[in-house]
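Beneath this line is the structure, given in structure tokens, with notes to follow.
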């Protein structure tokens, strides 16, 4: 699954910061990264924290 373009609740664009978030969250605390990227709303923060990449697992199965 790819990160959604916009937050489901407020509609703020979030996809442009996904790669930066993913790279920096491995080194820093997640809350600090989201604060520095400018995401203060709980709904937008949820989009980043709750997202999981399942495309790699899905690609293992054959297409019917």
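Scan the stretch 1-34 residue by residue and report those that are in a loop (DSSP other than H, G, I, E, B) and free of Cβ contacts under 8 Å to residues at least 24 places away in the same chain. Talk me through it step by step, then tell me what you get.
Within the stretch 1-34, the first condition is being in a loop (DSSP other than H, G, I, E, B), and the residues that meet it are 1-5, 7-12, 14, 26-29.
Correct list: 5, 11, 26, 27, 28, 29.
Collect the residues in the stretch 35-52 that are under 10 Å from the mean Cα position of the chain (by Cα), assigned to a helix (DSSP H, G or I) and surrounded by 16 or more Cβ atoms within 10 Å (Cβ to Cβ), keeping them in residue-number order. Answer for the stretch 35-52, where residues must be under 10 Å from the mean Cα position of the chain (by Cα), assigned to a helix (DSSP H, G or I) and surrounded by 16 or more Cβ atoms within 10 Å (Cβ to Cβ): 44, 45, 47, 48.
Where a number appears in this text, it was derived from the coordinates with a stated rule and is not lab data. Remember, predicted model here, so these are calculated numbers, not experimental data. Methodologically, a virtual Cβ is constructed for each residue, glycine included, from the backbone with ideal geometry; neighbour enumeration extends over all protein chains shown.
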